[in-house]
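Below is one structure, written out as structure tokens; the observations come after it.
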Amino acid sequence: TIQVDALQGTAFEGVVARISPVIDPATGTFKVTIEVVDETRRLRPGMFGRVDIVYDSHANALQIPRSAIVEDAGDSIVYVVEDDTARRRVIQTGYTSKGQIEVVDGLDGSELFVLVGQAGLKQGSKVSVINVADAGETSVGDTSPSTE
């Protein structure tokens, strides 16, 4: 997907046509040619844009807000609410997309988890659930690696 700045972020679908086999040793970059069909003929030479390349995706991935995760000694932690008590749960994460992060292991999607105030929690802390509709929703959707 290409979003062109001059066209207020209008998105165009493209396909990678060629990848240069030569890598610039100073920057680690290489040239990629993308073919875009522009039936509206609004794209012009020299326009700048942002390219998002999807190189993998996971259908029906379990996702939670990235802000729900607490990092502790290299582990990704989510506090799950069980009987008004916070239970520490180590999770494995995957792709990140638009503020959501894929949970590969550690949650099954039925849990209610802490989204606000989790940085000060400890295992076994008593919690009060407020705004259940906003507080612990997991979602299932498609995730792709963040590549912007």
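Okay, here's what the table says:
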{"item": "Cleavage-rule hits (GluC sites (Glu not before Pro)) in segment 2-65: DSSP loop, at most 11 neighbouring Cβ within 10 angstrom", "result": "GLU13, GLU39"}
{"item": "Backbone N under 15 Å from the VAL90 label point (7 Å along Cα→Cβ), restricted to segment 52-77", "result": "70-77"}
{"item": "Where segment 1-91 is the region considered: accessible area per residue in Å², 1.4 Å probe", "result": "72"}
{"item": "Förster-model FRET efficiency, 25 Å R0, GLU13 and LYS98, C-beta, rounded to 0.05", "result": "0.90"}
{"item": "Rounded percent of accessible protein surface that carbon and sulfur make up, the chain, 1.4 Å probe", "result": "50"}
{"item": "Given the chain, longest segment not containing exposed loop trypsin sites (Lys or Arg not before Pro) (DSSP; at most 16 other Cβ within 10 Å)", "result": "43-97"}
{"item": "Paramagnetic label zone (point 7 Å from Cα along Cα-to-C-beta, VAL54; backbone N under 14 Å) in segment 1-27", "result": "1-2, 12-16"}
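The values are calculated or read from the model by the stated rules, or taken from the named source; none is laboratory data. This one's a predicted model, so the numbers in the text were calculated from it and none came from an experiment. Neighbour counts are summed over all protein chains in view; Cβ atoms, including those assigned to glycine, are modelled from backbone coordinates with ideal geometry. Accessible surface is based on the protein model in full, side chains and every heavy atom, while ligands, DNA and RNA are left aside. Shrake-Rupley method; radii C 1.70, N 1.55, O 1.52, S 1.80 Å.
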